[in-house]
1. By its C-alpha gyration tensor, with a ≥ b ≥ c as the square roots of the eigenvalues, how is region 77-116 shaped: rounded for a/c under 1.5, else prolate for a/b larger than b/c, else oblate?
2. With label points built 7 Å along Cα→Cβ from the Cα atoms of residue 110 and residue 35, find their separation and express it in nm.
3. Kirkwood hydrodynamic radius, region 45-116, all distinct C-alpha pairs: what's the number in Å?
4. Please compute the length gained on full extension between residue 99 and residue 51, using 0.36 nm multiplied by the number of residues separating them and subtracting their Cα-Cα distance.
5. For 66, 110, give me the order by solvent-accessible area with a 1.4 Å probe, most accessible first, ignoring ligands, DNA and RNA.
6. Can you put 133, 54 in order of accessible area, largest first, using a 1.4 Å probe?
7. Starting from 0.36 nm per residue, how many nanometres of slack lie between residue 20 and residue 76 once their C-alpha separation is accounted for?
8. So how far apart, in nm, are the two label points at residue 133 and residue 60 if each is 7 Å from Cα heading toward Cβ?
Amino acid sequence: LEDSHMGETPLILPRRPVPEFLFQLTQMLSDPSNHHLIEWSGRCIVVHDPVNLEKEVLQKYFRHSKYSSFQRQMNYFGFRKNAGKCRMSPCTYENEAVAPGDLSGLLSIKRKTQGSALPSAKKNTKVTKLKQELSNKTHAVIDNESHETPNVPLSLHKAGVRIN
């Protein structure tokens, strides 16, 4: 990797292909002319001015200039937003997979997969349990509809009203 900024250490690229977003993010964070808007600090990306980052910088490094698209990509790569209540307020993003101070470590992050978007097996268990409950209720309704209930209007019968 050729270094375009004199006096800076070149980034060490991993041996596997690097996602374009991470490469461009690292380039953006390496450029001192961007540090008043966004910078790398420890293991955090500090966004000082999202409005001007969107207006002045994002289109230089990405195919878009939307801050919301930038945020979405950060989420896809496992960055957690730590501060900043509003969408366009200053904030920090942290990724625990990167060692503190290791900007080139950003290049080794893997994008979250569909399955890893679910926080745990606990959530899968909950979904399975809800599907089972729904299935049981569906079978109960079908069973109830198959029995004849004399003198009950059809609309009440379908609604599950029983007259004993």
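1. It comes out oblate by the Cα gyration axes.
2. 3.4
3. Numbers: mean 1/r = 0.0765 Å⁻¹.
It is 13.1 Å.
4. Details: separation 48, 0.36 × 48 = 17.28 nm, distance 2.84 nm.
Extra length from residue 99 to residue 51 when fully extended: 14.4 nm.
5. On the way: 66 125, 110 150 Å².
Largest accessible area first, the list is 110, 66.
6. On the way: 133 85, 54 50 Å².
My answer, sorted largest first, is 133, 54.
7. Details: separation 56, 0.36 × 56 = 20.16 nm, distance 1.29 nm.
Between residue 20 and residue 76, full extension yields an extra 18.9 nm.
8. My value for the distance between the label points is 5.3 nm.
The values are calculated or read from the model by the stated rules, or taken from the named source; none is laboratory data. Everything numeric in this text was worked out from a predicted model, so none of it was measured. All Cβ positions, glycine included, derive from the backbone under ideal geometry; neighbour counts span all protein chains shown. In case anyone asks, the SASA skips ligands and DNA or RNA and just uses the protein heavy atoms, side chains included. Shrake-Rupley method; radii C 1.70, N 1.55, O 1.52, S 1.80 Å.
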